[in-house]
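For reference, the structure discussed in these notes is given below.
Since every read-out is calculated from the coordinates, none of them should be taken as a lab result. Model, not experiment: these values are computed from the prediction. Here Cβ is always computed from backbone atoms with ideal geometry, including for glycine, and neighbour counts include all displayed protein chains.
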Amino acid sequence: MKQYSFLFIFCLGFANFSIAQNTDSLPCDSILNNQETNFQDSIANINLVQKQLKLSRDAYNEGIQFFELNNFSDAINSFNQAIGIDSLFVAAYFNRGVCFSALSDYDKAITDFTHTFQLDSTNFLVLFKRAEIYRKLNKNEQALSDYQMIIELDDKNYKSYYEMGVLLFLQNNLEEAIKLYSNSINIKPTANAHNDRGSCYRDLEQYDKAIKDYNNAISLDDALAFVYNNLAAIYRITDNTEKALSNYNIAITKNPDYDIAYNNRGRLYFELKDISSASSDFDKAISLNPENALSYNNRGIIYHKNKDYATAITDFDKAISLDKNYAKAYLNRGISKQMKRDEDGACADWEK
């Protein structure tokens with residue numbers, strides 16, 4: 001928002017007049033002509049506008065302070081004041097939309113972001129923010145439309161190609177996702193784009209291309225634990241257990257709180273018949289993320305293998321409570337119930 005500063009310098013000239021002591025000499029009133037009157041009115045109007053703009057900016061700055069404290073409701077009230085004074089205040093609409101989004105008031109956030117873009121069609125960030133909300137609402141077509149709009153305005157915007165690729169990957173449209181990731185990489189290579197394209201190749205069982213992309217991602221940013229985890233998964237699938245274990249170890253070193261890597265390494269240890277190490281990794285994964293259904297199921301398998309069927313069933317119960325559609329957990333619980341001679345319970349689980 002442009003701000004205007006006006007400086008007016010008035011120079012008043014004073015002259016000394018010798019006035020004779022004459023009772024007939026009286027001061028005369030001066031009358032302003034139309035031009036002089038209009039000039040004074042303009043000055044008054046400009047001063048009023050300046051005062052109003054200052055009040056609007058003060059309210060906006062107060063809103064920013066509330067925003068930085070995560071006090072989104074009060075921030076919205078301040079932005080409301082700013083907009084009430086200046087209905088074209090782009091930044092106030094945008095930041096109010098961000099606050100509405102933070103409060104999960106998505107309809108109002110979308111309205112503010114839409115109005116922001118109408119006021120400033122060069123503001124790509126607002127389209128990214130609106131698309132982000134559409135994705136949360138599973139309105140992927142609207143999100144794709146926003147990303148496409150950005151590309152039409154700026155065909156070198158690598159982030160838009162990347163985000164479109166993510167959406168198509170989630171829709172399992174892998175070939176189109178690869179094209180979009182490639183467009184993004186051609187404009188500006190990033191670790192995330194290489195990683196995600198590698199995951200497309202992995203799902204298409206084009207493992208050599210997947211490994212190449214994961215390695216390229218690592219060369220761009222070697223701090224990303226999930227890339228090492230993904231690379232390890234390829235090596236496990238292709239029976240290169242040594243490289244798989246090495247990359248799981250690196251992933252955990254990069255991020256000691258990475259529960260998925262512990263779970264996946266535990267699975268590899270289980271396949272290598274190192275049951276003690278597998279159990280330890282599953283325990284660690286659960287301690288890091290008690291909502292990880294996979295780890296409860298996997299640990300339940302170890303309890304079953306050790307013939308501790310009651311504890312196995314407890315872990316399978318937990319996995320199912322976290323994921324009602326977890327078919328393998330139902331199957332495994334049914335097998336453990338059968339070992340406890342609970343045939344009816346086993347059959348009920350298998351029917352699910």
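3J(HN,Hα) along the range 90-101: 4, 4, 5, 4, 4, 5, 5, x, 4, 5, 4, 5 Hz, from the Karplus curve 6.51 cos²θ - 1.76 cosθ + 1.60 with θ = phi - 60°, whole Hz, x for Gly and Pro.
With a simple spin-label model that places each label point 7 Å from the Cα along the Cα-to-Cβ direction, the separation between Leu137 and Gln338 comes to 4.8 nm.
Derived scalar couplings between HN and Hα for the range 332-341 equal 5, 5, x, 5, 5, 5, 4, 5, 9, 6 Hz in order, rounded to whole Hz, by the Karplus curve 6.51 cos²θ - 1.76 cosθ + 1.60 (θ = phi - 60°), x for Gly and Pro. Spin-label pair Asn249-Ala223: with each label point 7 Å from Cα along the Cα-Cβ axis, the two points sit 2.4 nm from one another.
Taking 0.36 nm per residue of separation and subtracting the Cα-Cα distance, full extension of the segment from Leu103 to Ala348 would add 83.9 nm. The dipole here belongs to the chain: it is taken about the Cα centre, uses +1 on the Cβ of Lys and Arg and -1 on the Cβ of Asp and Glu, and is about 1140 debye. Within the set (1) 57, 46, 33; (2) 67, 43, 35; (3) 129, 44, 35, the number that Cα extents along the principal axes in Å takes when calculated for this structure is listed as (3). Placing unit charges on the Cβ atoms of the charged side chains and taking the dipole of the range 291-352 about its Cα centre, the candidate lying farthest along the positive direction among Ser336, Tyr303, Thr314 is Tyr303. Axis angle, to the nearest 10 degrees, between helix 293-305 and the longest C-alpha principal axis of the chain: 20 degrees.
Put simply, when 76-87, 100-111, 261-272 are sorted by average Cβ atoms within 10 angstrom per residue, most first, you get 261-272, 76-87, 100-111. Across the range 232-241, coupling constants 3J(HN,Hα) worked out from phi with the 6.51/-1.76/1.60 Karplus curve, θ = phi - 60°, read 4, 4, 5, 5, 5, 4, 8, 6, 9, 5 Hz, and Gly and Pro carry x. Please tell me which of these pairs span more than 25 angstrom C-alpha to C-alpha: Lys254/Lys307; Lys212/Lys273; Lys179/Lys328; Lys139/Lys352; Lys212/Lys324; Lys318/Lys352? Correct reply: Lys254/Lys307; Lys212/Lys273; Lys179/Lys328; Lys139/Lys352; Lys212/Lys324. Helix 191-203 versus the longest principal axis of the chain: what is the Cα-based angle in degrees, 0 to 90, to the nearest 10? Around 40 degrees separate the two axes.
The distance linking the range 116-163 with the range 173-199 is 18 Å (Cα centroid to Cα centroid, whole angstrom). Among Leu231, Leu55, a tally of other beta-carbon atoms within 10 Å of each Cβ gives an order, fewest to most, of Leu55, Leu231. Candidate cross-link partners of Lys51 among the lysines, defined by an alpha-carbon separation under 22 Å and a same-chain spacing of 8 or more, comprise Lys2.
Look at where the Cα atoms of the range 268-288 and of the range 49-77 average out, and the two centres are 53 Å apart. Give me the angle, in degrees from 0 to 90, between the Cα long axis of helix 106-119 and the longest principal axis of the Cα atoms of the chain, rounded to the nearest 10. Once rounded, one gets 50 degrees.
Extension gain Gln148-Glu176, at 0.36 nm per residue separation less the Cα-Cα distance, in nm?
Numbers: separation 28, 0.36 × 28 = 10.08 nm, distance 1.41 nm.
Result for the pair: 8.7 nm of gain on full extension.
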